[in-house]
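Since the structure comes first, as structure tokens, the remarks are kept for the end.
The values are calculated or read from the model by the stated rules, or taken from the named source; none is laboratory data. Computed from a prediction, not measured in an experiment: that's the story for all the values here. Note: ideal-geometry Cβ built from the backbone for every residue, glycine included; neighbour counts use all protein chains shown. Heads up: the accessible areas ignore ligands, DNA and RNA and are worked out on the full protein's heavy atoms, side chains in. Shrake-Rupley method; radii C 1.70, N 1.55, O 1.52, S 1.80 Å.
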Amino acid sequence: WKLKQPRQLCSSSTSKTSNKRGRPAQWDVIKGGDSKNVSRSFNVYIPPNFCSTFGVGETTAASVPLRIILAFHGYGGKPAQEIRKWQDVADDLNAIIIAPLGTETIETQKLGWNAVECCGDPVLNEIDDLDFVLYGVMEIFLNQFGGRRGISIGSNDDSDDKNNKQVHVIATGFSNGGFFTSLLGILDDRPEWLVGIVPTGGYQYDIDAYSSTPELAVFMHHGGRDSVVNPNGCCIANDEPKQVKRGSKSNCMFDIGVKQETCQSAQSVYLLWSTINGCSSDHNDSRSIKEGGVKSVESECFVGKDCIEPTNFCVWTNEGHSWGGTFPGIEMMRPWMGDVFVRAEKRRFEQRDADELIKPHHRTRVGKSIFLTASSILLGFIALSAAYCYSKRWHFMRSSGKRKSSEDEDLQVFREEEMTVMCREDEIEKHSVSVP
């Protein structure tokens, strides 16, 4: 995947603090050799205070983590709907919104995603939307934005850069986008940047797909009166002729769940996530939410206890399938998303501190190795020097011994001659004394 035209998030004109919202920008990408999705695009919304926090252009604050809300529209929806829906939350959390564009179903001219269970031509034509989102959207965006910051773009990035893995993403989507969001969460090789999912009005049905899923923050939402994506699950069923009349082969519209022989309710999938996240138990929290300060929306919410990651589920009792442009739970998502981002950032900082503690020990071990190596070399040098000196001394003593023997012989001859002279003088003296 490649950008058709280079993009820049911030410029000198947008780096100053401002309460004025900018317009979302469309990023166009292209992938050569793929006739199914040669050209794709995604929209990027930058909150008003983002550029003043991160700096100008690619010169960014290394200590500030990057927050992203990755939002997927529903079948027949558009990226602009998701951006409007999450703008207030993004502004408060200083998070970028990335809203990709799906591919079109020719018969209905509706945009959608290949989310396995749903929907339209993207599923029939097996469009690789996972490849597009992971590499055509996220990798392209992070490379363009953070290529000089050492930002991690996947789970297998082994860079030692201290700024690495400072990207945290919460994915969300409605209906077909909810199915796709749920699919991202249960990937075998889930990207490390994904720290939470918020599927609304759609979720994956295949229980086996959850078997090896690692922990992940989850907040599911579903309408209690959803007639498009049944809250009790979508599957092959013959006891609901109402949906059959609409041309669907399942108990839901658009053949949703046609690959499943048994239905999995939204609540049963929430319980799967509770198990994955190690929750001890769940409790109900019935409440009424005032949307826009006027309309009361009743909901029954479930909150996982003692979970490794936040695990939540809300059934909006009287809501149907109409959250394309608005969502009654938007206010409760603001603190939840904020908490998920903070938890992820805290873990990263703790990991970075742990890495910093390990590095000095590593340097100490290296220093000790160098010291021991140097000491060994020095001792070896001293031993060689001693051997050399001993050898020289041995040769010297040997030659000195020969000279000493010669000198001793001369000294002995000298002493014998001296004794002979002394004896003669003594005799002469005695003789002199005896003469009258």
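Could you please let me know if Ser12 is out of contact with any Phe, Trp or Tyr (no Cβ under 6 Å at 6 or more places or on another chain), part of a loop (DSSP other than H, G, I, E, B) and either more than 26 Å from Val342 (Cβ to Cβ) or at pLDDT 95 or above (or both)? When the stated conditions are applied, Ser12 passes them. Quick check, is Glu345 out of contact with any strand residue (DSSP E or B) (no Cβ under 7 Å at 6 or more places or on another chain), of a type in the set (D, E, K, R) and modelled with pLDDT of 75 or more? Judged against the criteria, Glu345 is not a match.
Restricting the search to region 173-192, which residues are aromatic (Phe, Trp, Tyr), touching a strand residue (DSSP E or B) at 6+ places or on another chain (Cβ under 6 Å) and open to solvent by less than 10 Å² (accessible area, probe 1.4 Å)? Residue satisfying the conditions is Phe180 alone. Selection of first residues in region 105-132 that are closer than 19 Å to Gln81 by Cα and of second residues that are of a type in the set (S, T, N, Q) and surrounded by 15 or more Cβ atoms within 10 Å (Cβ to Cβ), restricted to Cβ pairs under 6 Å at least 6 apart or on distinct chains, gives the following pairs, ordered by first then second residue: Gly112/Asn176; Trp113/Asn176; Cys119/Asn176.
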